[in-house]
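The values are calculated or read from the model by the stated rules, or taken from the named source; none is laboratory data. Since the structure is predicted, the reported quantities are computational estimates derived from the model, not experimental observations. Neighbour counts are summed over all protein chains in view; Cβ atoms, including those assigned to glycine, are modelled from backbone coordinates with ideal geometry.
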Amino acid sequence: MELTGAQALIKSLETQGVEVVFGLPGGAILPVYDPIIDSSIRHILVRHEQGAGHAAEGYAQVTGRPGVAMVTSGPGATNIVTPLADAYMDSIPLVVVSGQVATSAIGTDAFQEVDTTGITLGVTKHNWLVTDPAEIPQVVAEAFHIATTGRPGPVLIDFPKDVANARTTFEPPPPLDLPGYKPPTTPDPAAIEEAARLIAAAERPVIYAGGGIVKSGAAEALRALADVSGAPVTTTLMGRGGFPESDPRWLGMPGMHGSYAAVTAMQRSDLLIALGVRFDDRVTGKVSAFAPGAKVIHVEVDRAEIGKVRRADVAVNADCRLAVEALVDALRRLASERPGSFGAGRLAPWTALLRGWKERFPFTYDREDERSGSITSGLAPLKPQYVVEELRRSTPDDAILVSGVGQHQMWAAQFWRFEHPRTWVNSGGLGTMGFAVPAALGAKVGRPEKMVWAVDGDGCFQMTAQELVTASAERIPIKVAILNNAYLGMVRQWQHMFYEERYSEVYLSSDLPDYVRWAEAMGCVGLRVSSPEEVVPAIEKANEIDDRPVVIDFRTDSMEQVYPMVPAGSSNDDIVVHPSQAGLAR
Amino acid sequence: MSAVAGAPARGGDDRVRHHLVALLVENKAGVLARIAGLFSRRGFNIFSLAVAPTHDPRFSRVSIVVDVESAPLQQVVDQLDKLVNVVEITELHPDDAREAELLLVTVSVDEDDRAEVEALASAGGGSVVDAVPGAVTVMLAADPAVVDDFEDAMREHGIVELQRTGRIALPKLSADGASGA
């Protein structure tokens, strides 16, 4: 069958099962936009290419399928570098197609030419410059394979205009020829046996579960591992939803703003069962002081993460789900050989200690206001944590929560409870402000049947709010709660704590812009909440609106800080708890 | 990539600090940029680098001498292994490898020491490839340690220009036949 390169590209995307592409056309990608008119693929026209990338990430995070974005050359490509870097850090499968100037013009500084493959080299798992239209089906097949297998990640296909216009024939791609790409799958049985023996012998084990659990579909296997081992579980920012948080064995999230129980359990542990994690600095604090008495079992699909930060006593380089399942089987065999030799019963002293910490040091804030005695008084400043708590109470169990980056992200992570995988979408590794609105849009496109809320900061919202125009135009009814504290709050917190309250360039104003009028100008319903008693009615009103996006401007307390906090570079032993908990026995 | 510019003077511990990693890579556009970019981004130091196609035109062999003080060798290898176009990685310890390096050096000579330079060259297995009154260019292909010694000897005569290729290597043969690195 003869067709153009552009048609071959669209057909290849259809062959891969692509249903949605987020994008914005321009000169070099123009030929590819013509066959989109006749394609089964839904194209969502964003207002900025960064929005396309984050929307594709949100889509991928909630569906488990690769997100696809399409942009033009030059500024189109550079605008999507941030989402590529974000997806690379958080291992999100993304396929980005960028237009490129004609091959004959490459290297001549042509209009809207940049070295896209060069620029994106360090923020993609792999990228391609297509020079022969006959290669298109194969490159697309390779791109989807690499994006979705092993440790998932973003890939980019740079697509010159003359290749798009060339006549070619469409042949189904030959079998993949990637001699240098062999992601591990099944675990080494000897390593699994050794890991099982360590778990059976441990007195203070902690399961440290990360994004790999969610991405490999290992949530069920993780629950089985907690059952058979009796070990308590902490889930990282990227691992949230991988373990039901109503389970009493859940310790909370570890890390810089994690729970006292999770952080301290790891510090006192004699065995970390690290599953699909990379010992991120926000989790370990000062590495040399991190979990000093613990042996480490490290299950990780990316070999380069094993030993990168912390030496592993047992390394299991395999797919996380397959490895955890094998570990569960091995432990069950051990349990039948030596009944009662390990498990929840034998760990009772350890888990009782942790339960005590969890009860004494919950995430908290000043619920009692000194002026009124009650949070629900109109005089009390509105606490951002209270908004998150009420939002959780007023939304379905399986609602999807998306956040930006900063204080509001940490409050969302601290005060929300996730029961299901793929219900939490945020920017973990890169810390990309402005992630929430476009990612929420993508999440709602991927899971239209679910309620999608974004908890955003006022600083973040201003970075990418234009995608609410996209959401209105495409009838994608997301809901955005701005925790508007009039500051770049996390930066303000660091200046408060580490720069003697010298506040430099962090004030934003609570009413400039006017978020309600801005939301309405973008086709959304805009609401404003200034006092605690208005919180629930506003959320309920937002929940009833399903034909357009809703934005609520929550005017929250500017002075509020995120606790607990492990100061950057400090040992996790030096965790600073909420002032109201400071005197409590550790 | 802080390559040769930042390298210290050669000494006895160089063989401990410098490890040779041999890569078999697909001959595709941008492969070298991917490797160099990885070293740059991760803060790994390259001491020397040699690249050329193999007998099979689909593949090239890249020999990289890595400064293992800049990063643990295992981390360098694991990160290189993630590059899709890198097919195979072999860490070659000097004791297990046949290493070679090519040197071209132009030395200023007067009539008295021309003969001495030529004698040193032929003693080391090298040869004079160019000569004019006042200068000779010598080529030497040998074990890198021999090349180091020769370079030091030439330094005394006054080096005008010098170019080394960087180390290349193949695994030592074992009694049961060729090993495939």
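For this structure, a couple of remarks:
- Selection status of A:VAL228, touching a helix residue (DSSP H, G or I) at 6+ places or on another chain (Cβ under 6 Å) and touching a residue at least 40 places away in the same chain (Cβ under 8 Å): yes
- Taken over segment B:88-100, the residue count meeting the criterion of being modelled with pLDDT of 95 or more and surrounded by 19 or more Cβ atoms within 10 Å (Cβ to Cβ) is 1.
- For the residues A:SER288, A:SER259, A:SER216, the requirement of being more than 26 Å from B:VAL77 (Cα to Cα) and not hydrophobic (A, V, I, L, M, F, W, C) singles out A:SER259.
- Criterion (small (Gly, Ala, Ser), out of contact with any Phe, Trp or Tyr (no Cβ under 7 Å at 6 or more places or on another chain) and either touching a residue at least 40 places away in the same chain (Cβ under 8 Å) or in a strand (DSSP E or B) (or both)) met by exactly one of A:ALA52, A:ALA85, A:ALA110, A:ALA69: A:ALA85
- Looking only at segment A:394-433, residues that are part of a loop (DSSP other than H, G, I, E, B) and among the aliphatic types (A, V, I, L, M) come to 4 in all.
- Those residues of segment A:88-107 which are outside any strand (DSSP E or B), within 27 Å of A:VAL405 (Cβ to Cβ) and out of contact with any Pro (no Cβ under 9 Å at 6 or more places or on another chain), in sequence order: A:MET89, A:ASP90
- For segment A:131-156, a residue qualifies if it is more than 30 Å from B:THR90 (Cα to Cα) and in contact (Cβ under 8 Å) with a residue 60 or more places away in the chain, and the qualifying residues are A:PRO133, A:ILE136, A:PRO137, A:VAL140.
- Of all residues in segment B:97-112, those satisfying the criterion of being of a type in the set (D, E, K, R) and either in contact with a Ser or Thr (Cβ under 6 Å, 6 or more places away or on another chain) or in a strand (DSSP E or B) (or both) are B:ARG98, B:GLU99, B:GLU101.
- Complete set of residues in segment B:63-96 that are of a type in the set (Val, Ile, Thr), outside any loop (DSSP other than H, G, I, E, B) and within 27 Å of A:THR149 (Cα to Cα): B:VAL76, B:VAL77, B:VAL86, B:VAL87, B:ILE89, B:THR90
- Listed by first and then second residue, the pairs with beta-carbon distance under 7 Å, at least 6 apart or on different chains, first residue in segment A:348-370 and farther than 19 Å from A:SER269 by Cα and buried (at least 16 other Cβ atoms within 10 Å of the Cβ), second among the β-branched types (Val, Ile, Thr) and modelled with pLDDT under 95, are A:ASP369/A:ILE375.
- Those residues of segment A:199-215 which are buried (at least 24 other Cβ atoms within 10 Å of the Cβ) and not in a loop (DSSP other than H, G, I, E, B), in sequence order: A:ILE199, A:PRO205, A:VAL206, A:ILE207, A:TYR208, A:ALA209, A:GLY211, A:GLY212, A:ILE213, A:VAL214, A:LYS215
- When we screen A:MET433, A:MET463 for residues that are closer than 24 Å to A:PHE415 by Cα and either among the small types (Gly, Ala, Ser) or at pLDDT 95 or above (or both), the only hit is A:MET433.
- Qualifying residue in segment A:320-342 (condition: within 14 Å of chain B (Cβ to nearest Cβ) and under 26 Å from A:MET89 (Cβ atoms)): no
- Residue in segment B:164-179 that is among the acidic types (Asp, Glu) and under 12 Å from B:LEU103 (Cα atoms) present: no
- Scanning segment A:177-220 for residues that are out of contact with any Lys or Arg (no Cβ under 8 Å at 6 or more places or on another chain), under 25 Å from A:LEU237 (Cβ atoms) and hydroxyl-bearing (Ser, Thr, Tyr) returns a single hit, A:TYR208.
- Per the listing A:GLY99, A:GLY122, A:GLY118, A:GLY107, the residue uniquely at pLDDT 95 or above and at positive phi is A:GLY107.
- Any chance B:VAL105 is touching a Phe, Trp or Tyr at 6+ places or on another chain (Cβ under 9 Å), farther than 25 Å from B:GLU151 by Cα and modelled with pLDDT of 95 or more: no
- In segment A:484-514, the residues that are among the aromatic types (Phe, Trp, Tyr) and either in a loop (DSSP other than H, G, I, E, B) or in contact with a helix residue (DSSP H, G or I) (Cβ under 7 Å, 6 or more places away or on another chain) (or both): A:TYR499, A:TYR503
- Enumeration of residues in segment B:39-70 that are in contact with a strand residue (DSSP E or B) (Cβ under 8 Å, 6 or more places away or on another chain) and within 14 Å of chain A (Cβ to nearest Cβ): B:PHE39, B:PHE44, B:THR54, B:ARG58, B:PHE59, B:SER60, B:ARG61, B:VAL62
- Some residue of segment A:311-334 being without any contact (Cβ under 8 Å) to a residue 40 or more places away in the chain and touching a Leu at 6+ places or on another chain (Cβ under 6 Å): no
- Subset of segment A:107-136 [over 17 Å from A:THR82 (Cα atoms) and crowded, with 21+ Cβ neighbours inside 10 Å]: A:TRP128, A:LEU129, A:VAL130, A:PRO133, A:ILE136
- Among the residues making up segment A:157-176, those that are surrounded by fewer than 17 Cβ atoms within 10 Å (Cβ to Cβ) and either in a strand (DSSP E or B) or without any contact (Cβ under 8 Å) to a residue 12 or more places away in the chain (or both) are A:ARG167, A:THR169, A:PRO175.
- For first residues located in segment A:281-303 and away from chain B (no Cβ under 14 Å) and in contact (Cβ under 8 Å) with a residue 24 or more places away in the chain, partners that are part of a helix (DSSP H, G or I) and among the basic types (Lys, Arg) and lie 6+ apart or on another chain with Cβ distances below 9 Å form the pairs A:ALA291/A:ARG268; A:GLY293/A:ARG268; A:ALA294/A:ARG268.
- One residue stands out in segment A:167-215 among those that are among the basic types (Lys, Arg) and under 32 Å from the mean Cα position of the chain (by Cα): the one that is farthest from the other protein chains (Cβ to nearest Cβ), namely A:ARG204.
Here is a yes/no grid of residues against (1) aromatic (Phe, Trp, Tyr); (2) within 14 Å of chain B (Cβ to nearest Cβ); (3) under 16 Å from A:ALA164 (Cβ atoms); (4) touching a helix residue (DSSP H, G or I) at 6+ places or on another chain (Cβ under 7 Å):
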{"residue": "A:GLY27", "(1), (2), (3), (4)": "no, no, yes, no"}
{"residue": "A:HIS48", "(1), (2), (3), (4)": "no, no, no, yes"}
{"residue": "A:GLY53", "(1), (2), (3), (4)": "no, no, no, yes"}
{"residue": "A:GLY58", "(1), (2), (3), (4)": "no, no, no, yes"}
{"residue": "A:VAL62", "(1), (2), (3), (4)": "no, no, no, yes"}
{"residue": "A:ASP86", "(1), (2), (3), (4)": "no, no, no, yes"}
{"residue": "A:SER98", "(1), (2), (3), (4)": "no, no, yes, yes"}
{"residue": "A:ALA110", "(1), (2), (3), (4)": "no, no, yes, no"}
{"residue": "A:GLY118", "(1), (2), (3), (4)": "no, yes, no, yes"}
